[in-house]
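The values are calculated or read from the model by the stated rules, or taken from the named source; none is laboratory data. Computed from a predicted structure; not experimentally measured. Glycine gets a Cβ as well: all are built from the backbone with ideal geometry, and neighbour counts include every protein chain shown. Just the protein is used for accessible areas: all its heavy atoms, side chains included, with ligands, DNA and RNA removed. Shrake-Rupley method; radii C 1.70, N 1.55, O 1.52, S 1.80 Å.
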Amino acid sequence: MGMEIKRPYVIAGPCSVESRRQLEAAVEALKTLPQVAMVRCGVWKPRTRPGGFDGLGETALQWMSELKRENPELRFCCEVAWPEHVELALAYGIDAVWVGARTTANPFMVQELSEALRGTALPVWVKNAPSPDVRLWIGAIERFKGVGLTDVGAIHRGFDVFKNEGFRNAPLWEVPIELRRAMPEVPILCDPSHIAGRREPLQMLSQTAMDLGFDGLMVEVHPCPQEALTDAQQQITPETLRQLLDGLVMPHTDTAVADDQLRLLREQIDTVDRQMLQLYAARLDLSRQIAQVKAQGNLAVFQPKRWDALLRQRLESARQLGLSPDFVKEIFEKIHVESVRVQEQELHPAKTNSPLTENI
């Protein structure tokens, strides 16, 4: 059995446990929100650069354990990066752990953590690695499942890319969508705090996650965000979290609600997709014919001027049709790479890949 959770499943709490008073204030406020299933608490907080607040470690775990004894209904979640962290989390009765992005990126560390968790029933949430590599994310989840853990979920926190779309970490929603396709049994939460890096987009990002069928959210909440020692710009108050959750529209995940209408529209999409594939096949056939003409004239496969002119024309057509130029540009860049590969293959059948296709 894997995790069985009720949407929206919400994990919320401070980026870092900073003091007993701060933790108690956060817990008291979050207890009043029925949607919050678990309190997240940063315990070990090594920063990107040295000199900042690194967390309180075992002291914070002790406070969490004491609060659990006083409030048996409370459930706590903390990040672990080393086997020693797992041992302490288990010793203090922490209810779940999450694996941070930089840890997920290192299979050696993930394997050590999974071995430390072998034989336990502790739920584990795995954040995506900083790079948009779904295989790395899947691999980390598989390592935890491979030691017998059944409650393993994923957390989408965005990706460190050059063009981050104005966020701290680019959402790149297609990556968690691919994870859901590959591992439909794994619940996925969205961490809008780390995607946004600031408070303003949190509602929009959270709603997008719900629209895409995510199972819930992990949100950073602090009694006084402006005084937070870490990630002050992206933390919100418990009252703001209440407003955010109350403002969410939860779409139905059961398509039977509008099954007949969806069936007709999906049939039309299927028809259009078949037509696009047929046209794409015809285009590649033309590329093969072009390769023969270029060979007769001793012309290079890659023609930069032709490519620049073609791309400008397609982007102008996209604007006239009301399509996103960025979307169309990405499509035609991929088509062009494949066209070059096909032409190279036509001219040099022994080759399986062209060095040109690695860089165009």
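Just a few scattered comments:
- Per residue value of the accessible surface for segment 159-232 (all protein chains in place, 1.4 Å probe), Å²: 42 Å²
- Mean separation of Cα contacts under 8 Å (6+ apart) over length of segment 21-71, as relative contact order %: 24 percent
- With a cut-off of 11 Å on the backbone N, the residues of segment 75-103 near the modelled label site 7 Å out from Glu115 along Cα-Cβ are 83.
- Farthest towards the positive end of the charge dipole of the chain, among the residues Pro192, Gly51, Pro325, is the Cα of Pro325, using unit charges on the Cβ of Lys, Arg, Asp and Glu.
- The slack between Gln243 and Arg266, meaning 0.36 nm per residue of separation minus the straight C-alpha distance, is 4.7 nm.
- Arg274/Gln303 FRET efficiency (R0 30 Å; Cβ-Cβ; nearest 0.05): 0.45
- About the centre of its Cα atoms, the chain shows a dipole size close to 1040 debye [charges on the beta carbon of Lys, Arg (+1) and Asp, Glu (-1) only; nearest 20 debye].
- Label zone at Glu70 (point 7 Å along Cα-to-Cβ), backbone N below 17 Å, segment 204-248: 223
- Shape class for segment 197-342, computed from the alpha carbon gyration tensor (a ≥ b ≥ c): oblate, with a/c not under 1.5 and a/b at or below b/c.
- Separation of the Leu212 and Glu58 label points, Cα + 7 Å toward Cβ, nm: 4.0 nm
- Taking amide H atoms as placed 1.01 Å from N in the peptide plane, the amide H of Gly153 lies under 5 Å from those of Val124, Trp125, Val126, each 5 or more residues away in sequence or on another chain.
- Pairwise Cα distances in segment 65-203 exceed 24 Å for 32 percent of all pairs.
- Within the accessible area of segment 159-264 (1.4 Å probe), percent carbon and sulfur: 53 percent
- Accessible solvent surface per residue of segment 26-137, calculated while the other protein chains remain in place, 1.4 angstrom probe, Å²: 45 Å²
- On full extension, the segment bounded by Leu310 and Glu333 gains 7.2 nm, given 0.36 nm per residue less the C-alpha separation.
- Ellipticity estimate at 222 nm from DSSP helix runs (n ≥ 4, -39,500 (n - 2.57)) divided over the chain, nearest 500: -15500 deg cm²/dmol
- Per-residue 3J(HN,Hα) values for segment 130-145, derived from phi via the Karplus relation 6.51 cos²θ - 1.76 cosθ + 1.60 with θ = phi - 60°, read x, 8, x, 10, 5, 5, 5, 5, 4, x, 5, 4, 4, 5, 5, 5 Hz in sequence order (x marks Gly and Pro).
- Protection proxy ranking, peptides 283-292, 91-100, average beta carbon neighbours within 10 Å, highest first: 91-100, 283-292
- For Phe159, the residues whose amide H sits under 5 Å from its own are Ala170, ignoring neighbours fewer than 5 places away on the same chain, with H placed 1.01 Å from N.
- Working from Cα pairs under 8 Å separated by at least six residues, relative contact order for segment 220-307 is 14 percent.
- Taking every alpha-carbon pair under 8 Å whose residues sit at least 6 apart, segment 26-149 reaches a relative contact order of 19 percent.
- Take 338-345, 192-199, 48-55 and order them by the average number of nearby Cβ atoms within 10 Å per residue, most first; the result is 192-199, 338-345, 48-55.
- Peptide packing: for 125-136, 212-223, 110-121, the average count of neighbouring Cβ atoms within 10 Å per residue gives the ranking 212-223, 125-136, 110-121, highest mean first.
- Residue pairs, from the table Lys163/Lys329; Lys305/Lys329; Lys45/Lys163, whose Cα atoms sit over 18 Å apart: Lys45/Lys163
- Derived scalar couplings ³J(HN,Hα) [segment 286-291; Karplus, 6.51 cos²θ - 1.76 cosθ + 1.60; whole Hz; x for Gly, Pro]: 5, 4, 5, 5, 4, 4
- One chain, two ends: Arg135 and Leu284. Fully extended at 0.36 nm per residue, the span grows by 50.7 nm beyond their Cα-Cα distance.
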